[in-house]
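What follows is a set of notes on a single structure, which appears directly below.
The values are calculated or read from the model by the stated rules, or taken from the named source; none is laboratory data. Only a predicted model underlies this, so the values are computations on that prediction, with no experimental measurement involved. Cβ sites come from the backbone with ideal geometry, for glycine too, and all protein chains shown count toward neighbours.
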Amino acid sequence: MAEITHASIKAHLQERADASFDPVYLIFGEEFLYRQVAETLVNAIIPDPVQQKHLYEILNHADDGQVSDVIERLNTYSFFSGKKIVELRDAALFVTRQNPGNYLLKIRRAYENNAFEKAAILFLNLLSRLQMDLSDISDQTISQKFDISEDRAEDADWIKKLAAYCVERKLSVPEAADDAERLRNAIERGFPGNNVLLITTDTVDKRKALYKTINACGTVVDCAIPKGNRKADVDAQRGFLQQHMRQMLAKHHKRMDLQAFDLVFKMTGFDVRSFTANLEKLVDYAKESSSISADDVRAVLVRTRQDPVYELTGAIAERNVLKSLHYLSSLLEAGFHYLQILSAITNQMRKLLVIRGFLETGQGRAFHPKMSYDQFRNLIIPAIHSYDEALLNQIQFHENAVRGDADPSTEARGKKSSSDLIIVANPANAYPVYQQFLRAAGFSKQALCTSFEILHQADVKLKTSGSLPAAVLEEVIFKICTT
């Protein structure tokens with residue numbers, strides 16, 4: 001019946017204000033956009049939030065959204081009056097051997113976010129559609145089926161690890177079924193009781209019979225944003241992200257200048273999830289200010305990308321095994337010495353142990369992981385300053401005692417000691433400290449002490465045995481992250 005863009009959805013709804021809605025809507029493209037459009041449609045078709053709870057069902061295709069269940073629910077009359085909506089969310093109906101790219105990207109995002117079960121289900125469904133089995137995964141098949149060249153080992157490595165994850169848990173590839181054809185026949189037959197089907201997905205194939213049937217019987221909403229590098233594509237990406245930024249910041253009564261936006265855009269590229277996550281960090285950081293500047297962006301975001309060793313130690317502190325292994329491999333390939341890497345991990349664990357010690361004091365117990373940065377800065381930072389001052393005084397006392405002068409009056413006249421064990425080294429930028437506290441909260445004091453035993457054993461192995469450095473460091477990561 002119609003094919004419109006996401007910008008035309010309000011005009012479409014105004015036209016349908018006095019008429020019936022279409023029996024099927026296909027909304028495809030950028031996930032952030034198609035979720036918004038789907039929500040707008042649902043609110044227009046079923047305005048009452050109470051009725052939505054009874055008349056609006058969501059089945060995620062990656063989880064429990066079998067097409068047969070969708071068809072069955074659409075062909076069932078509701079106990080309540082009014083229209084009924086069934087949404088097949090994140091549908092993989094249009095994924096073929098020719099276009100696995102977007103679906104593969106979704107799998108990788110789930111994998112990198114540690115949602116391994118979700119990533120495994122999506123991956124197995126993709127293999128089913130590609131008529132592959134887990135035993136077929138190799139460098140050659142990855143290159144052929146997923147369009148990843150064999151010389152890009154880092155892009156293929158995560159696929160192999162995910163396949164191994166599935167094998168270890170005895171997961172299997174589901175039998176292939178022509179869900180697209182089954183759904184196409186159901187749409188042509190029509191749904192009773194004015195029931196409405198929503199299909200949301202990031203990938204479509206306009207050549208498929210299902211797409212043509214939906215276009216003939218319902219409405220297709222295009223939410224795609226160009227992903228290329230041409231000037232027109234980049235301008236479209238920037239325009240969308242700027243609009244998204246203004247909407248998001250308006251909720252917090254904030255604004256961001258163009259220089260700051262350009263800096264965030266340069267860091268994230270066109271990745272709506274990362275862009276949104278970075279905006280949330282900046283809003284939290286600049287809580288007392290009505291504007292976000294480029295200096296705020298540099299303080300919060302750029303710092304985490306300055307040093308690849310920081311990425312490794314941060315991943316270990318978050319107990320993220322897969323991410324830690326990824327950065328370890330990257331560092332070794334880049335020529336970092338294995339003892340340098342071990343030293344960096346040791347320094348990170350020392351910092352976490354110092355923070356853990358503070359958390360177990362009376363003042364430290366006021367901290368909790370759900371505390372906002374603003375609360376942390378106002379309540380915890382002053383207590384940390386006192387803690388650091390006491391630590392430096394203790395270090396000074398021991399240094400004087402070693403020199404044979406334990407007189408407290410000498411301490412007052414002497415030069416103040418310094419230490420890399422103080423928690424807040426730069427009071428002007430306490431946000432990294434806040435991040436470290438969130439990480440330290442994930443460790444017990446015993447686990448941190450055990451980590452030093454692990455690191456000591458690794459140090460001995462690296463210096464006295466013929467063990468492979470990569471294997472020794474991988475063992476360190478596994479033990480620390482799982483202790």
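Applying the criterion of being over 12 Å from Glu30 (Cα atoms) and of a type in the set (S, T, N, Q) to the residues of segment 221-245, the residue that is farthest from the chain's Cα centre (by Cα) is Asn229.
When Arg152, Arg129, Arg169 are checked against the criterion of being modelled with pLDDT of 80 or more and basic (Lys, Arg), Arg169 stands alone in meeting it. Residues being touching a Pro at 6+ places or on another chain (Cβ under 6 Å) and modelled with pLDDT under 90 are entirely absent from segment 282-294. State whether one or more residues within segment 194-204 are without any contact (Cβ under 8 Å) to a residue 24 or more places away in the chain and out of contact with any helix residue (DSSP H, G or I) (no Cβ under 8 Å at 6 or more places or on another chain). Looking through segment 194-204, none of the residues is without any contact (Cβ under 8 Å) to a residue 24 or more places away in the chain and out of contact with any helix residue (DSSP H, G or I) (no Cβ under 8 Å at 6 or more places or on another chain).
Got at least one residue in segment 329-348 being within 30 Å of Asp235 (Cβ to Cβ) and among the small types (Gly, Ala, Ser)? There is no residue in segment 329-348 that is within 30 Å of Asp235 (Cβ to Cβ) and among the small types (Gly, Ala, Ser). Taken as a whole, the structure places Gln237 among residues that are part of a helix (DSSP H, G or I) and under 21 Å from Lys106 (Cα atoms).
The residues on offer are Ser329, Ser290, Ser274, and the sole one that is hydroxyl-bearing (Ser, Thr, Tyr) and in the same structural domain as Ser444 (by TED's automatic domain parsing) is Ser329.
I'm trying to understand the selection: among the residues of segment 306-325, which are touching a residue at least 60 places away in the same chain (Cβ under 8 Å) and in a helix (DSSP H, G or I)? Hits for segment 306-325 are Gly314, Ile316, Ala317, Val321, Leu322, Lys323, Ser324, Leu325.
Residues are listed down the side, and each one gets a yes or a no for (1) part of a helix (DSSP H, G or I); (2) modelled with pLDDT under 80; (3) surrounded by 14 or more Cβ atoms within 10 Å (Cβ to Cβ):
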| residue | (1), (2), (3) |
| --- | --- |
| Arg365 | yes, no, no |
| His368 | no, no, no |
| Leu379 | yes, no, no |
| Pro382 | yes, no, no |
| Lys416 | no, yes, no |
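Count of segment 327-341 residues, restricted to those that are under 20 Å from Val460 (Cβ atoms) and buried (at least 18 other Cβ atoms within 10 Å of the Cβ), is 2. Residues in segment 5-63 that are outside any helix (DSSP H, G or I) and aliphatic (A, V, I, L, M): Ala17, Ala19, Val24, Leu26, Ile27, Ile46, Ile58, Leu59, Ala62.
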